[in-house]
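Heads up: the structure comes next, in structure tokens.
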Amino acid sequence: MYKLVAIDLDGTMLNQYGIVTQNTKEVISKTIQKGIDIIIASGRPIDSIKTIAKEIGAEKYFIAGNGSLVYDIQKDEIIYNKFLSQQKVLEIIKICEENSISYNVYTDKTILTPALKYNVLYYQKENLKKEENKQTKISIIDNIYEYVKNRKEENYLKMTICDDNKTVFQSIIRKLRQIEGIEVLDVAHQSRKTIKQGTEEKTIEYYYTEITVKDVDKWGALEFLMNKMGVEREEVITIGDNVNDKKMIQEAGLGIVMEGSTPEVTDVANYVTSSNNEEGVAKALEKFC
């Protein structure tokens, strides 16, 4: 019997509008009632995940920043972390600034960004539908390099790099890979997000990668939780859609991907469920839990 299900958010549990459908919430609730723990495993920061965890009734733990930390919801504290150093963040910012590439810095409290573009624009549009205390915190900073340089006690989960030009994007990736001690997520396809502007829908498309400290991934954080909760690998289901989910899909007792997921992740999965816009998470939970 499965005891633990770790589920990604964007492209997985959330549909294209960033919403968990009512049916998915009900299926998750029934799964929890059967004694199976649901853990969100996302690249998002703490506050953004907290809101969704409460919404779906997942009350124990969640994984944020692609495995940079594990959060204990009951104790309201970080119980596991692998953060980027201030020095590495400054080194990455310098390269991005010199090459005029868009980037964001994720701390455990907020997303630092020079402008509302790409993935941060998507979060900002999500915030418009939420109460203030449930919003993803975004801080627009004119000079992020100086801001980071002058703050000694920040916890840096990850950085994201975005551009809509593939050639420019691939060039910056090559430069970033020369930095020692960091992990640059190997993403080669475009990310697509849909936002509503009044009655119209707008699609945001961009190339995207994430940077963490070396050897950080969702599976490593999940293994920490499995040891803490006394759960074996064979008792774990993982559900995701992108490269940052690959290891947890590959290593779990049952690895599930969404229809239309990145081929690299689909290749290592045990099962393909419906897409995030067709409530694939709910269907997978009904089938296996």
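The values are calculated or read from the model by the stated rules, or taken from the named source; none is laboratory data. Keep in mind it's a predicted model, so treat the numbers as computed, not measured. Methodologically, a virtual Cβ is constructed for each residue, glycine included, from the backbone with ideal geometry; neighbour enumeration extends over all protein chains shown.
Brief remarks follow.
- The lone exception for Arg151 - which of (1) assigned to a loop (DSSP other than H, G, I, E, B); (2) out of contact with any Leu (no Cβ under 8 Å at 6 or more places or on another chain); (3) in the same structural domain as Pro45 (by TED's automatic domain parsing) it fails: (3)
- Residue check for Ile78: closer than 30 Å to Glu235 by Cβ, modelled with pLDDT of 95 or more and surrounded by 21 or more Cβ atoms within 10 Å (Cβ to Cβ): no
- In the set Lys109, Lys129, Lys152, only one residue is of a type in the set (Lys, Arg), farther than 20 Å from Lys202 by Cβ and loosely packed, with under 13 Cβ neighbours inside 10 Å; that residue is Lys152.
- Qualifying residue in the range 55-73 (condition: without any contact (Cβ under 8 Å) to a residue 24 or more places away in the chain and in a helix (DSSP H, G or I)): no
- Residue in the range 36-46 that is of a type in the set (Gly, Ala, Ser) and out of contact with any Lys or Arg (no Cβ under 9 Å at 6 or more places or on another chain) present: no
- Filtered residues of the range 74-92 (kept if free of Cβ contacts under 8 Å to residues at least 60 places away in the same chain and either within 20 Å of Lys25 (Cβ to Cβ) or in a helix (DSSP H, G or I) (or both)): Gln87, Leu90
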